[in-house]
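A quick write-up on the structure given underneath.
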Amino acid sequence: MTTTITPLIAGNWKMNGLRGSLDELTALAGMLTTGEAPRAVVVICPPATILAAIARQGASAGILAGGQDCHAAPSGAHTGDISASMLVDAGAQYVIVGHSERREAHGESDADVRAKAEAAIGAGLKPIICVGETEAQRDSGQALDVVAAQLAGSIPDAAELHEIIVAYEPIWAIGTGRTPSNDDIAEMHNSIRDKLVQRFADKGASVRILYGGSLKPQNAREILAVDNVNGGLVGGASLLAKDFYTIISAV
Ligand code: PGA
């Protein structure tokens, strides 16, 4: 058990949220400040348009902000993209890189993800590096190998000296309401831990490994108690303050 790692719960709002969504943040902040102090670091990764507002308004309740992606370059002719330093400028401390929706819809390779993670680290952000297998890969017994290859290709060497976070998100569990068994989650997280320790020694032993994919109030307590699960990356259930708070409280 890696009991010395403070868990982290991150909400990935994806392409959801207008300025009106700040009401959910206010509600969450209220719950976090009136209830028992959370035993987890709490991060929200909203759309870039409301990132600065989330960072500003969440601060007093200890809610940290993160981006959902960044470009690998520090600046330049990249219409529509956002750089790591822009996220920092807006108040972010974290950034998700290599989410499966970006790997798939934007054709991002492990090398792209690694370059983004490097840019994030260079700008002072903590990258949340996502990995995870497809259903076909799991069914054919390749899940551990696929994720090991993604880790090797997506995590930059700079992780030896800087904080990174790994998020294991089986693609078939994202937004589907389905989750792996606790044994399967434990097997994968233990395997990820082994790979991190092989490559980064003590530093690898301290990296948070989040579970993501249909994490809900109903299953959070069980999943967050699995060996080497150091928190969660939450999509759908992070959009409602009450549900997200229940997941945070499950730590
Ligand atoms: P989900 O999404 O919780 O809605 O399954 C998780 C994610 O994609 O990060």
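Numbers at a glance
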{"read-out": "In region 225-247, the residues that are over 13 Å from the mean Cα position of the chain (by Cα) and away from the ligand (no atom under 14 Å from the Cβ)", "value": "225, 226, 227, 228, 241, 242, 245"}
{"read-out": "Qualifying positions in region 11-48 - β-branched (Val, Ile, Thr), in contact (Cβ under 8 Å) with a residue 24 or more places away in the chain and away from the ligand (no atom under 16 Å from the Cβ)", "value": "26, 33, 41"}
{"read-out": "Pick from region 188-220, criterion away from the ligand (no atom under 11 Å from the Cβ) and among the hydroxyl-bearing types (Ser, Thr, Tyr), ranking: farthest from residue 99 (Cα to Cα)", "value": "206"}
{"read-out": "So residue 159, is it of a type in the set (Gly, Ala, Ser) and farther than 25 Å from residue 103 by Cβ", "value": "no"}
{"read-out": "Cross-chain or 6+ apart pairs with Cβ under 7 Å, region 233-251 first and crowded, with 21+ Cβ neighbours inside 10 Å, then of a type in the set (Ser, Thr, Tyr)", "value": "244/238"}
{"read-out": "Exclusive hit being within 13 Å of the ligand (Cβ to nearest atom) and out of contact with any helix residue (DSSP H, G or I) (no Cβ under 7 Å at 6 or more places or on another chain), set 152, 167", "value": "167"}
{"read-out": "Criterion: in contact with a strand residue (DSSP E or B) (Cβ under 7 Å, 6 or more places away or on another chain) and not basic (Lys, Arg) - qualifying residue of 148, 152, 167, 159", "value": "167"}
{"read-out": "Pairs, first surrounded by fewer than 19 Cβ atoms within 10 Å (Cβ to Cβ) in region 105-130, second at pLDDT 95 or above and among the acidic types (Asp, Glu), C-beta under 9 Å, six or more apart", "value": "106/69; 106/112"}
{"read-out": "Subset of region 64-79 (residues that are within 17 Å of the chain's Cα centre (by Cα) and part of a loop (DSSP other than H, G, I, E, B))", "value": "68, 69, 70"}
{"read-out": "Unmet requirement for residue 84, which otherwise passes all of (1) aliphatic (A, V, I, L, M); (2) closer than 25 Å to residue 234 by Cβ; (3) touching an Asp or Glu at 6+ places or on another chain (Cβ under 8 Å)", "value": "(3)"}
{"read-out": "Restricting region 71-104 to residues that are surrounded by fewer than 19 Cβ atoms within 10 Å (Cβ to Cβ) and within 16 Å of the ligand (Cβ to nearest atom), the residue that is farthest from residue 53 (Cα to Cα)", "value": "104"}
{"read-out": "Criterion: closer than 25 Å to residue 41 by Cα, touching a helix residue (DSSP H, G or I) at 6+ places or on another chain (Cβ under 9 Å) and buried (at least 20 other Cβ atoms within 10 Å of the Cβ) - qualifying residue of 196, 210", "value": "196"}
{"read-out": "Answer from 185, 129 - the residue that is closer than 20 Å to residue 96 by Cβ, within 16 Å of the ligand (Cβ to nearest atom), in a strand (DSSP E or B) and touching a strand residue (DSSP E or B) at 6+ places or on another chain (Cβ under 8 Å)", "value": "129"}
{"read-out": "Residue within region 230-251 that is touching a strand residue (DSSP E or B) at 6+ places or on another chain (Cβ under 9 Å) and of a type in the set (Asp, Glu) present", "value": "yes"}
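The values are calculated or read from the model by the stated rules, or taken from the named source; none is laboratory data. No experiment lies behind these values; they were computed from the predicted model shown. All Cβ positions, glycine included, derive from the backbone under ideal geometry; neighbour counts span all protein chains shown.
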